[in-house]
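To keep things clear, I will list the structure first and then write my remarks on it.
What follows is calculated from the coordinates using simple rules that are stated; it is not laboratory data. Computed from a predicted model, the values in this text were never measured in an experiment. Note that each Cβ is placed from the backbone with ideal geometry, even for glycine, and that neighbours are counted across all protein chains shown.
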Number of protein chains: 2
Amino acid sequence: MYRIVIGLENKMAVVRNTKAQEAVLELLQRSKKTLTADDIINTIDVSVNKTTIYRMLDRFVAAGKVHFVTDTAGKAHYALCTSSCLQSHSLHNHLHFQCKICNQVECLPVKLEVPELENYEVHDMQFLSVGICFKCKQV
Amino acid sequence: MYRIVIGLENKMAVVRNTKAQEAVLELLQRSKKTLTADDIINTIDVSVNKTTIYRMLDRFVAAGKVHFVTDTAGKAHYALCTSSCLQSHSLHNHLHFQCKICNQVECLPVKLEVPELENYEVHDMQFLSVGICFKCKQV
DNA sequence: AAACAAACACAACTTTGTTGCATTTAAAAA
DNA sequence: TTTTTAAATGCAACAAAGTTGTGTTTGTTT
């Protein structure tokens, strides 16, 4: 219900390496497109509980390793942060694309310029475009 | 589960005016910020079933009267379309702001420029910035 | 090796939105 | 005006996505 994370203000807690976490990070690394929690649960080869997946993803987001976009149906899609995510105070100002046909969401290498918002404190952003992707258009 | 709408390709069906619909549109008109289905259900004075509210909102979106943004928690926030929504093929290329404190989402009068996406068919977009709004910053 | 807390599993739950079907009702047709 | 028709609604049951609580496991530090 509360997928927002306050960044890295909360002191970096001690972190432990587990098989499950490594497996999830590897999945995200290998994936060209974003992954939903469900995608991960259905793809991962080690046995991991769904609650664990959700909490893990929250931790990754909090740590700035991963970012997510919510699609038009309200589902969260996760992707590893790249170097470009880290520019300008960890704001993810690149565009995402959600395909109505294959339902996948991908990060696009397109940065959007956002003017300063007077009197607002901007912590993060999600830019989503919706339509039909390259692959699905060809079919 | 499927909040996307294919625009107006489906022939404009006969539309009927009902008290409920008028009431919802009036609520949206009066509201400075976007409203969730729940907001509407809790605010509206005439008795309307929640299913009706959801279907109604879908119809309004399909008709281009209303647009919505999904917040970081995956919840849909609806707003009346203004004249500015109708520019450039009914794409809603203005920015929205979600406040982490009051949890409200508002339309901002800020248009974002999006370059053409080669080989992609863009039907719509959702631009969301997240942080602390003007009012909540003052408290 | 012992201690500690991060990470996990499991079950129950919440929230948001959907589906199917019967009923009502706005508006067109008779 | 009355009849007809399908758009709009109501209701109940359901579904998907994510969360909470609690007890257990297990990395890491001491």
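Below, the figures for the structure above:
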{"quantity": "Computed helical MRE - 222 nm, chain B, DSSP H runs ≥ 4 contributing -39500 (n - 2.57), nearest 500", "calculated": "-9000 deg cm²/dmol"}
{"quantity": "Mean Cβ neighbour count within 10 Å, used as a protection proxy, ranking A:104-117, B:99-112 highest first", "calculated": "B:99-112, A:104-117"}
{"quantity": "Reach of A:Lys75 by Cα under 15 Å, taken over aspartates and glutamates that are not fewer than 8 positions away in the same chain", "calculated": "A:Asp38, A:Asp39, A:Asp58, A:Glu106, B:Asp71"}
{"quantity": "Selection from B:Ser47, B:Asn93, B:Val69 lying farthest towards where the dipole of the protein assembly as shown points positive, charges on Cβ", "calculated": "B:Ser47"}
{"quantity": "Dimensions (Å) - the protein assembly as shown, Cα atoms, principal axes, largest first", "calculated": "59, 54, 36"}
{"quantity": "Calculated label separations, A:Tyr54, copies of the chain, 7 Å along the beta-carbon direction, nm", "calculated": "1.8"}
{"quantity": "Rh by Kirkwood over Cα pairs, then Stokes-Einstein D for chain A at 1.002 mPa s and 20 °C, µm²/s", "calculated": "133"}
{"quantity": "Rough spin-label spacing in nm, given labels placed 7 Å along Cα→Cβ, for B:Glu22 and A:Lys33", "calculated": "4.5"}
